[in-house]
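The values are calculated or read from the model by the stated rules, or taken from the named source; none is laboratory data. Note that the structure is predicted; figures quoted are calculated from it, not measured. Note that we place each Cβ from the backbone using ideal geometry, even for glycine, and neighbour counts take in every protein chain shown. Accessible surface areas use protein heavy atoms only, side chains included; no ligands, DNA or RNA. Shrake-Rupley method; radii C 1.70, N 1.55, O 1.52, S 1.80 Å.
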Amino acid sequence: MHTSPHHWHHLAEQAARGAFSAVLFDCDGTLVDSEPLCDRAWRSVADDLGLPRTPDVSAVGSSFEQRVDALRPQHPGLPPSAELYRTYWSRLSRLYRAELQPITPVYEAAVQLRRCGVPVAVVSNSEQLRLEFTILCAAPLLSAEPLVGWRQGRRPKPAPDLYLLAADLLEVEPSRCLAVEDSTIGADAARAAGMTATLVR
């Protein structure tokens, strides 16, 4: 479902009253306003390599590796994903340190839920260390909560793996979890895990 700000706060209130046992938040575009900075870093790398500056809209919510893999058929000479990511992340991390901000209503709701005793976690297709750095930069009050990012051996969204791992870490049944997302890929992953998913935009 898509939610207005009013409906989102209603869902948060429901969670605080016990309608859900845990609330799991996507990170980029949901908790933190990172996407404009990601676009700037990607355009810089893309210009160096002659790649499209704007990712296909269907790539929203995908991992970096998924996006690069989608480009390979038309750009077979691309460097390995790990090498390309190092270049991208070196530029993006500088932007994060200087400019990254939380999406205040969602971040404040997550913090308030935790203060009310509702378990929360952050679930992202970002690489694990990048996710931890992102939260430290822009949502530090959540840095002690479970942060579940992509790493080797974990299938990224839209597979349910990351959400299922977060529910396991919180010791909550997936059916009792509300997932807060900004992308269809992320919402599909949460629903595949058996969770209720809401899209905030």
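Out of curiosity, is residue 109 under 16 Å from residue 29 (Cα atoms), buried (at least 21 other Cβ atoms within 10 Å of the Cβ) and out of contact with any Ser or Thr (no Cβ under 9 Å at 6 or more places or on another chain)? The answer is yes for residue 109.
Count of the range 19-53 residues, restricted to those that are open to solvent by less than 30 Å² (accessible area, probe 1.4 Å), more than 29 Å from residue 197 (Cβ to Cβ) and either without any contact (Cβ under 8 Å) to a residue 12 or more places away in the chain or not in a helix (DSSP H, G or I) (or both), is 2. Here the strands (runs of 3 or more DSSP E) wholly within the range 90-201 that include at least 1 residues being farther than 23 Å from residue 16 by Cα are 120-127, 147-150. The residues on offer are 194, 153, and the sole one that is open to solvent by 20 Å² or more (accessible area, probe 1.4 Å), at pLDDT below 95 and farther than 18 Å from residue 38 by Cα is 153. State which residue is least open to solvent (accessible area, probe 1.4 Å) when the search covers only the range 112-130 and only residues that are over 15 Å from residue 166 (Cα atoms) and without any contact (Cβ under 8 Å) to a residue 24 or more places away in the chain. It comes out as 117.
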